[in-house]
Amino acid sequence: QVQLVESGGGLVQAGGPLRLSCASSGRTFSWYSMGWFRQAPGKDRELVAAISSSGRSTYYTDAVKGRFTISRDNANNTNYLQMNSLKREDTAVYYCAATEYELIHYKADDYKYWGQGTQVTVSS
């Protein structure tokens, strides 16, 4: 079993940065690819960024390319989502999730473990 706890959400002005953290406990963190999803009111949950178990491969949805960076620290069982140049449309609940695979997966159904979510609100 894997437990995921997100932190770092909050209120930020448009154009500002925010860093989300996801601490993992339970089974070996370094075995699993990780992802950050977000869900805005009235919208489907979407994959924002993902990283392979080794950290060598990453994925970003087009809307955040060049602004967000996903990374992981396997020694400390934590992964991060650095968000820069935030826009109002980035406002959502952000969820950390883990698969049971080494490679990146793109569908929410492939992610077995989920955090409780953290709210990110970008004001103009």
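The values are calculated or read from the model by the stated rules, or taken from the named source; none is laboratory data. In this text, all values refer to a predicted model and were calculated from it rather than measured experimentally. Here the Cβ is made from the backbone with ideal geometry for all residues, glycine too, and neighbour counts use every protein chain on show. Each accessible area value is taken on the protein alone, full model and side chains, heavy atoms only, with ligands, DNA and RNA left out. Shrake-Rupley method; radii C 1.70, N 1.55, O 1.52, S 1.80 Å.
Before moving on, here are some points about what is shown:
- Qualifying positions in segment 10-31 - touching an Asp or Glu at 6+ places or on another chain (Cβ under 8 Å) and modelled with pLDDT under 95: Trp31
- Highlighted here are the strands (runs of 3 or more DSSP E) found entirely within segment 1-108 that include at least 2 residues which are open to solvent by 20 Å² or more (accessible area, probe 1.4 Å) and of a type in the set (Phe, Trp, Tyr): 58-60.
- Of Ser85, Ser71, all but one fail to be over 16 Å from Gly115 (Cβ atoms), polar (S, T, N, Q) and under 15 Å from the mean Cα position of the chain (by Cα); the exception is Ser71.
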